[in-house]
Amino acid sequence: MIPHSALLNKAKDRKYEPDPAQAPTEDYHDIVDQLEKEGEWEVHRVPEPYVEVTNKFGRKKKIPIQQTWHHKSCGQCGHIPGYSTSVFWLNRKLGLDYNDPTNQTSCTAWNYYASATSNAAAQGAVAMRNFAAAKETGYFPIIHCATSFGHYKETRQQLIHIPELRRDVRDVLAKLGRKLVVPEEIVHYSEWVHAVRDKIAEHQVVDMSGITATIHPACHYHKLVKEDAIHSPDVYGGQRSSIITSTLMALGIDVRDYSTWNDCCGFGFRHILVSRDFSRSFAVQRKIEVMKEEADPDVLITHDTGCVTTLDQSQFAAKAHNRNVGLPVMSDSQLAALAMGAHPYKVLQLHWHSTDVKPLLEKLGIDHEKAWAEFEEACKRLESGAAQYLTWEDCDD
Amino acid sequence: MTERPILVVGGGPAGMEAARGIAEVGYKVVLIEQRDVLGGTPELANYAALTPDFRDAGEAMAEMAAAIQNHPDVDIRTATTVTNASGQAGAFEVTVEKDSGEEKLDIGAVVLATGFQHFDPGRETQQYGYYEYDDVLTLVDLEKMLKAGEVVRPSNGEPPERLCFIQCVGSRDRQIGNEYCSKVCCGVAAKESIEVRKLLPDCKVFIFYIDMRMYGYWENEIYWPSQEEYKVNYVKGIATDIRQKDGRLLVRGEDTTMGRPMEVPMDMVILSVGMEPSAGTQKMAALFGLKMNKYKFIETIGGALNTVATSVDGVFACGASTGPADLEDSISSASAAAMKAIATVRKTALAAG
């Protein structure tokens, strides 16, 4: 007879053994390299030193640490500028070389995923134009927006498998005087944060062990070309992407689960454009309220422009209806910067966020009134014409 | 010329049946099994009862083993593996290895009965959390509980009040490349649902399915009784993810009959994992130079009229080594492979005079 104890085997005792041979798709590395050998394109190699991460199936991916070319996000720069500022601030504080280009083109993926525009050759040309621009600087592209990130990976799949598309895109780039260049890896900025999370923890000056957090993984990070997303055996049994969670764990934060973890933030692309009320309701009722009821977090951390804006700004109207909202939302880069002592307004620019972050700052022992006064003082200098914009030196004052 | 023995690789139901058939006709057979016991997956995975007749699996496997264990023409080598093979039909040289060392065998024909392995739900495309949640189990795990006569939630040791099966986990799934139906999971789930209801009459049991595939008599033997007699609820729809909520599992997906999303609380979820070629099947296919199909099962080349011939003359495959198969099919194909292997050996001997 089978012993009773055997019947009670727990999930933690079940060992999932990732096997790259069992991945549902081919390994793009091999094909990308083969096409380079055939003269189809040039591969932009990940600069050393890099960190190797694994996906759900044990396949490796190289994440560059420095010499990174930052492909920014339209909505991020427009709605939550502290998001990308925090990424750059982290690079500077960690002493890592990076490039903040001024000649990047929008990826057009938002309209594509909203079924609104574009065609394969146009999308391929935009992607490869940006990759070529990165290669010309010698810095390796790193993508801030999860939608651009996911879209570029889908575009890569198309370019890998459709020679006619490669030809069309090559012709477009030739008119721009550029070569067809594909990066060895397509890297999301949060993968870089994941890769340097231990360095961030080494420089941590704000104790975060007293706070709890929930995370929201961006659909376009872990559902598009899902086998490329980072997984770790010690996070969710290796079954769900460990992105963000692993970073928060390194910072000592209590990360709590909730039952709609896998759901969209509500953005939905077409929904945010043509059915925004649905987006707002979904964000509040399916995400924020569920988190608050089940996990009662101090903060919600995510890693994409659309997710931060939707989850944060959707709470505004809901508050008027006395819904159970009021959960601060920020990116992993902002929280990591905060942990390393970044200024909450000059760097994180939390005043752009709709939800009240002051209770969180108070719980972290950060004097937000003093910080706000410092920020206002800096703004006065801009108003007086003494300076046009804040500098990194201003941020560290 | 003396007829060379026939090599049977695999000591599960198909391998034991092939060996029994060969010996009963009066030919010598060497049965190689890598584990130290016979019985194959039903023994390894602690099957409780066979589908569809509810016969005690242990008793059935013991009966099959007894039929060959003392047979003078059956040479059983357990804890042994095949490590090399060369030659051609009628004259193979096969190297086998066990702790005591290597041995070369002169073999006339080969029957591969190396079977399948259950799909690892860690590779699923949905989010079912087998490695996250204690109370998410597989058909195999539940089979073990049924064998012990006790179905309890691993999280707290309590019997479930609500239990569901999710069908087609690792089967009929283009995302992971297993487009095929594993044939047996629907029947096994229906059988297990009846066993759960017998054991726990107060437990509500659900089966979420794409299509229930009840071949032949299974329709009447297990499908209708599970609904009509044992009140199992069948819900057409695909579950997309499972999360914990309020100490229970929340199964979410789409009820396609009602055309709406569903969220259903459960105490236990049973993933109906499908079949994939076992490591042994893939290894033997490579070792004997056999063609495999895109799923890495051994490819048979004879179409519908010859279900056991492989791409190498004199090597035959049966059971679930050639694709998903239920027990009835496995036993039938084992007999067919045995007959063709005997024919190969006999023809070789006759040709040699």
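The values are calculated or read from the model by the stated rules, or taken from the named source; none is laboratory data. Bear in mind the structure is a predicted one, so any value in this text is a computation, not a measurement. With ideal geometry, Cβ positions are generated from the backbone for all residues, glycine too; neighbour counts draw on all protein chains shown.
Taking A:Lys12 as the residue in question, decide whether it is within 14 Å of chain B (Cβ to nearest Cβ), in contact (Cβ under 8 Å) with a residue 40 or more places away in the chain and exposed (fewer than 13 other Cβ atoms within 10 Å of the Cβ).
Numbers: within 14 Å of chain B (Cβ to nearest Cβ): yes; in contact (Cβ under 8 Å) with a residue 40 or more places away in the chain: yes; exposed (fewer than 13 other Cβ atoms within 10 Å of the Cβ): yes.
Taking the combined requirement at face value, the residue satisfies it.
Determine, yes or no, whether B:Thr257 is surrounded by 15 or more Cβ atoms within 10 Å (Cβ to Cβ) and either in a loop (DSSP other than H, G, I, E, B) or at pLDDT 95 or above (or both). Write out each step before concluding.
On the way: surrounded by 15 or more Cβ atoms within 10 Å (Cβ to Cβ): no; either in a loop (DSSP other than H, G, I, E, B) or at pLDDT 95 or above (or both): yes.
Taking the combined requirement at face value, the residue does not satisfy it.
Within region B:66-93, the set of residues being hydrophobic (A, V, I, L, M, F, W, C) and either within 24 Å of B:Ala343 (Cα to Cα) or in contact with a strand residue (DSSP E or B) (Cβ under 7 Å, 6 or more places away or on another chain) (or both) comprises B:Ala67, B:Ile68, B:Val74, B:Ile76, B:Ala79, B:Val82, B:Ala85, B:Ala89, B:Ala91, B:Phe92.
Looking across region B:315-349, just one residue is in a loop (DSSP other than H, G, I, E, B), in contact with a strand residue (DSSP E or B) (Cβ under 6 Å, 6 or more places away or on another chain) and crowded, with 24+ Cβ neighbours inside 10 Å, and that is B:Thr322. For region B:138-152, a residue qualifies if it is over 29 Å from B:Glu254 (Cα atoms) and either more than 7 Å from chain A (Cβ to nearest Cβ) or assigned to a strand (DSSP E or B) (or both), and the qualifying residues are B:Leu146, B:Gly149. Looking only at region A:263-279, residues that are within 14 Å of chain B (Cβ to nearest Cβ) and touching a residue at least 40 places away in the same chain (Cβ under 8 Å) come to 1 in all. Among residues of region B:271-291 that are within 14 Å of B:Ser311 (Cβ to Cβ), those with a beta-carbon under 9 Å from a residue that is assigned to a helix (DSSP H, G or I) at least six positions away or on a different chain give the pairs B:Met284/B:Ser321; B:Ala285/B:Ser321; B:Leu290/B:Met284; B:Lys291/B:Ala285. Counting only helices (runs of 4 or more DSSP H) wholly contained in region A:230-290, the ones carrying 2 or more residues that are of a type in the set (Val, Ile, Thr) and touching a strand residue (DSSP E or B) at 6+ places or on another chain (Cβ under 9 Å) occupy A:245-250.
On inspection, A:Thr137 qualifies as within 16 Å of A:Asn91 (Cβ to Cβ) and of a type in the set (S, T, N, Q).
Which is within 12 Å of chain A (Cβ to nearest Cβ) and out of contact with any Ser or Thr (no Cβ under 8 Å at 6 or more places or on another chain), of B:Arg77, B:Arg123? Lay out the reasoning, then the answer.
Details: B:Arg77 fails: within 12 Å of chain A (Cβ to nearest Cβ).
The match here is B:Arg123.
Quick grid of which residues meet (1) of a type in the set (Lys, Arg); (2) within 27 Å of A:Asp207 (Cβ to Cβ):
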site	(1), (2)
A:Val299	no, yes
A:Thr310	no, no
A:Lys346	yes, yes
A:Leu350	no, yes
A:Leu382	no, no
A:Asp394	no, yes
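Scanning region B:149-167 for residues that are closer than 22 Å to B:Ile222 by Cβ, surrounded by 19 or more Cβ atoms within 10 Å (Cβ to Cβ) and touching a strand residue (DSSP E or B) at 6+ places or on another chain (Cβ under 7 Å) yields B:Pro160, B:Leu163, B:Cys164, B:Phe165, B:Ile166, B:Gln167. Return a yes/no flag: does region A:202-220 have any residue that is of a type outside the set (Lys, Arg), within 14 Å of another protein chain (Cβ to nearest Cβ) and in a helix (DSSP H, G or I). The answer is yes; a qualifying residue exists. Against the test of being farther than 30 Å from B:Val152 by Cα, in contact with an Asp or Glu (Cβ under 7 Å, 6 or more places away or on another chain) and not small (Gly, Ala, Ser), the options B:Thr125, B:Thr83 yield a single qualifying residue, B:Thr83.
Check whether at least one residue in region B:218-233 is touching a residue at least 40 places away in the same chain (Cβ under 8 Å), closer than 22 Å to B:Val140 by Cβ and within 13 Å of chain A (Cβ to nearest Cβ), and report yes or no. Scanning region B:218-233, I find no residue that is touching a residue at least 40 places away in the same chain (Cβ under 8 Å), closer than 22 Å to B:Val140 by Cβ and within 13 Å of chain A (Cβ to nearest Cβ), so the answer is no. Would you please name the residue that is nearest to B:Tyr295 (Cα to Cα), looking only at residues in region B:153-177 that are touching an Asp or Glu at 6+ places or on another chain (Cβ under 7 Å) and assigned to a strand (DSSP E or B)? It comes out as B:Val169. Kindly check whether there is at least one residue in region A:235-250 that is at pLDDT below 95 and among the hydroxyl-bearing types (Ser, Thr, Tyr). There is at least one residue in region A:235-250 that is at pLDDT below 95 and among the hydroxyl-bearing types (Ser, Thr, Tyr).
Taken over region A:33-61, the residue count meeting the criterion of being of a type outside the set (Gly, Ala, Ser) and farther than 17 Å from A:Gly138 by Cα is 17. Just one of the listed residues (B:Asp106, B:Asp135) is modelled with pLDDT of 95 or more and within 10 Å of another protein chain (Cβ to nearest Cβ), and it is B:Asp135. Among helices (runs of 4 or more DSSP H) entirely within region A:67-162, having at least 1 residues that are over 25 Å from A:Val329 (Cβ atoms) singles out A:109-113, A:120-137, A:146-161.
Would region A:176-192 turn up any residue that is on the phi < 0 side of the Ramachandran plot, out of contact with any strand residue (DSSP E or B) (no Cβ under 7 Å at 6 or more places or on another chain), acidic (Asp, Glu) and surrounded by 15 or more Cβ atoms within 10 Å (Cβ to Cβ)? Checked against the condition, which is being on the phi < 0 side of the Ramachandran plot, out of contact with any strand residue (DSSP E or B) (no Cβ under 7 Å at 6 or more places or on another chain), acidic (Asp, Glu) and surrounded by 15 or more Cβ atoms within 10 Å (Cβ to Cβ), region A:176-192 yields no hits at all.
Of everything in region A:36-86 that is of a type in the set (A, V, I, L, M, F, W, C) and modelled with pLDDT under 95, the residue that is surrounded by the fewest Cβ atoms within 10 Å (Cβ to Cβ) is A:Cys77.
For region A:221-250, a residue qualifies if it is under 14 Å from the mean Cα position of the chain (by Cα) and within 12 Å of chain B (Cβ to nearest Cβ), and the qualifying residues are A:His222, A:Lys223, A:Ser241.
When the residues of region B:178-199 are narrowed to those that are within 14 Å of chain A (Cβ to nearest Cβ) and farther than 19 Å from B:Tyr295 by Cβ, which ends up surrounded by the most Cβ atoms within 10 Å (Cβ to Cβ)? Let's see the steps before the verdict.
Step one: of region B:178-199, the residues within 14 Å of chain A (Cβ to nearest Cβ) are B:178-179, B:196, B:199.
Within this subset, residues satisfying the condition of being farther than 19 Å from B:Tyr295 by Cβ are B:196, B:199.
On the way: B:Val196: 24, B:Leu199: 14.
Among those that are within 14 Å of chain A (Cβ to nearest Cβ) and farther than 19 Å from B:Tyr295 by Cβ, it is B:Val196.
Whenever a residue of region A:305-324 is free of Cβ contacts under 8 Å to residues at least 24 places away in the same chain, its partners that are surrounded by fewer than 24 Cβ atoms within 10 Å (Cβ to Cβ), lying with C-beta atoms within less than 8 angstrom and at least six residues away or across chains, give the pairs A:Lys319/A:Val325; A:Lys319/A:Gly326.
Test of understanding: among B:Gly319, B:Gly314, B:Gly323, B:Gly289, which residue is at pLDDT 95 or above and within 30 Å of B:Gln127 (Cα to Cα)?
Numbers: B:Gly319 fails: within 30 Å of B:Gln127 (Cα to Cα); B:Gly314 fails: within 30 Å of B:Gln127 (Cα to Cα); B:Gly289 fails: within 30 Å of B:Gln127 (Cα to Cα).
Step by step, each of B:Gly319, B:Gly314, B:Gly323, B:Gly289 is checked, and only B:Gly323 is at pLDDT 95 or above and within 30 Å of B:Gln127 (Cα to Cα).
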